[in-house]
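Q: Take a look at this one; I'll ask things after.
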Amino acid sequence: MKTRRNFIRLSALGTAAVIGTPCIASEKETPKEKINKASVKITKPIVVSTWNHGIAANAGAWKILSKGGTALDAVEAGVRVTESDPEGMSVGLGGLPDREGIVTLDACIMDENNKCGAVAFLQDIEHPISVARKVMEDTQHVMLVGEGAKQFALEKGFEETNLLTEKSKKAWEEWKTESKYQPIINSENHDTIGLLALDEHGNLSGACTTSGMAYKLHGRVGDSPIIGAGLFVDNEVGAVCATGMGEAIIRIAGSSIVVEMMRNGMSPQEACKAAVERVVKKHQDLTNLQVGFLALNKNGEVGSYSVYSGFNYAIQTKEQNDLIDAGFNREWD
Ligand code: ASP
């Protein structure tokens with residue numbers, strides 16, 4: 001049987017791009033285990049995140065990771081950069097509104113101890129990820145939604161902000177004239193930011209934040225704030241986030257199954273591909289059904305895969321700062 005330790009070792013040895021700090025063998029291990037484990041190279045710290053806007057988000061996270069900070073602080077700081085960018089029309093400030101013209105935000109965060117927090121259908125607060133972290137740290141709950149989430153944020157000192165920029169308002173007004181009231185996946189607008197980090201101490205965390213599908217029904221919540229769908233972290237195995245059509249991601253418990261497939265021996269790339277194949281298999285109509293997964297395992301190995309071409313992710317390590325195209329199941333028609 002392939003144990004988890006074997007999996008970590010095998011997958012690391014099987015990857016040419018693995019670089020960085022060697023893993024330290026513990027006193028309790030057998031001499032053979034010590035030799036094998038000492039040869040495993042782990043890439044850390046490392047941060048990866050979805051889409052082009054991941055470059056700026058990674059830079060925010062890297063400020064923390066490069067100084068020996070925690071993955072949890074890094075993932076929060078990273079996605080806050082995207083949340084504050086008025087040019088990004090799919091996250092936080094400037095995010096495209098729902099079909100009533102109201103910006104509603106979804107976010108979640110998860111750390112190396114399986115602690116997690118989330119907010120959904122939150123309005124008028126620029127940093128839903130930080131509210132999610134407060135839910136995780138200051139309450140016994142995992143998720144707060146809508147008016148309750150807003151009240152909680154205000155009590156915690158977050159300020160009320162108008163998130164609908166002139167640009168987003170104009171886009172919504174134009175959409176209303178010709179749309180037949182149909183929500184759309186904002187694939188031209190760089191989508192959700194999901195960001196995963198492995199810190200110098202070997203701990204994983206993840207964050208995911210979005211304004212969701214553009215012009216969605218009022219009250220709609222996607223995958224992004226759902227632990228196990230838009231994000232999942234298991235510090236023994238890896239961290240995964242998702243982007244694209246949230247409903248399709250929820251239907252297969254997306255991020256959690258990618259983690260489970262890595263636990264059972266797949267590389268991050270194999271696991272993301274298998275999850276995309278599950279999405280494809282479970283949906284008869286794939287029209288506009290873009291879904292992408294991004295995974296980072298305990299060794300700092302990365303994988304990514306999407307239904308359609310066009311998904312990419314940003315990666316930052318001591319040696320690398322790049323945008324990489326994900327693998328895909330098919331080209332757009
Ligand atoms: N997954 C997000 C949602 O369904 C949207 C996206 O990533 O574009 O709300």
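The values are calculated or read from the model by the stated rules, or taken from the named source; none is laboratory data. Fair warning: this is a prediction, and the values are worked out from it, not measured in the lab. With ideal geometry, Cβ positions are generated from the backbone for all residues, glycine too; neighbour counts draw on all protein chains shown.
Q: On the basis of being polar (S, T, N, Q) and within 12 Å of the ligand (Cβ to nearest atom), does THR209 make the cut?
A: The answer is yes for THR209.
Q: Out of the residues in the stretch 111-140 that are within 16 Å of the ligand (Cβ to nearest atom) and part of a strand (DSSP E or B), which is surrounded by the fewest Cβ atoms within 10 Å (Cβ to Cβ)?
A: The residue in question is PHE121.
Q: Quick one: in the stretch 122-148, of everything that is of a type in the set (A, V, I, L, M, F, W, C) and closer than 20 Å to SER255 by Cβ, which residue is nearest to the chain's Cα centre (by Cα)?
A: The selected residue is ILE129.
Q: List every residue pair whose Cβ atoms lie under 8 Å apart, where the two residues are 6 or more positions apart in sequence or sit on different chains, the first residue falls within the stretch 253-273 and is within 10 Å of ASN297 (Cα to Cα), and the second residue, located anywhere, is at pLDDT below 95 and in a loop (DSSP other than H, G, I, E, B).
A: SER267/GLY14; SER267/THR15
Q: Still on this structure: Can you tell me which residue is modelled with the lowest pLDDT among those in the stretch 223-251 that are of a type in the set (Gly, Ala, Ser) and within 23 Å of HIS141 (Cβ to Cβ)?
A: Selected residue: GLY246.
Q: Do you know which residues across the stretch 309-321 are at pLDDT below 95 and part of a strand (DSSP E or B)?
A: Scanning the stretch 309-321 gives a single hit, ASN321.
Q: Do the conditions hold for MET266, that is, is it assigned to a loop (DSSP other than H, G, I, E, B), more than 10 Å from the ligand (Cβ to nearest atom) and either over 16 Å from the mean Cα position of the chain (by Cα) or acidic (Asp, Glu) (or both)?
A: Here the answer is yes, as MET266 does meet what is asked.
Q: Being within 15 Å of the ligand (Cβ to nearest atom) and at pLDDT 95 or above is the filter here; which residues of the stretch 273-289 pass it?
A: ALA275, VAL276, VAL279, HIS283
Q: Looking at GLY246, GLY310, GLY228, GLY219 in this structure, which one is within 16 Å of the ligand (Cβ to nearest atom), without any contact (Cβ under 8 Å) to a residue 40 or more places away in the chain and closer than 30 Å to GLU178 by Cα?
A: Of GLY246, GLY310, GLY228, GLY219, the one residue that is within 16 Å of the ligand (Cβ to nearest atom), without any contact (Cβ under 8 Å) to a residue 40 or more places away in the chain and closer than 30 Å to GLU178 by Cα is GLY246.
Q: Do we find a residue being within 13 Å of the ligand (Cβ to nearest atom) and among the basic types (Lys, Arg) anywhere in the stretch 177-197?
A: Looking for residues that are within 13 Å of the ligand (Cβ to nearest atom) and among the basic types (Lys, Arg), one finds none in the stretch 177-197, hence no.
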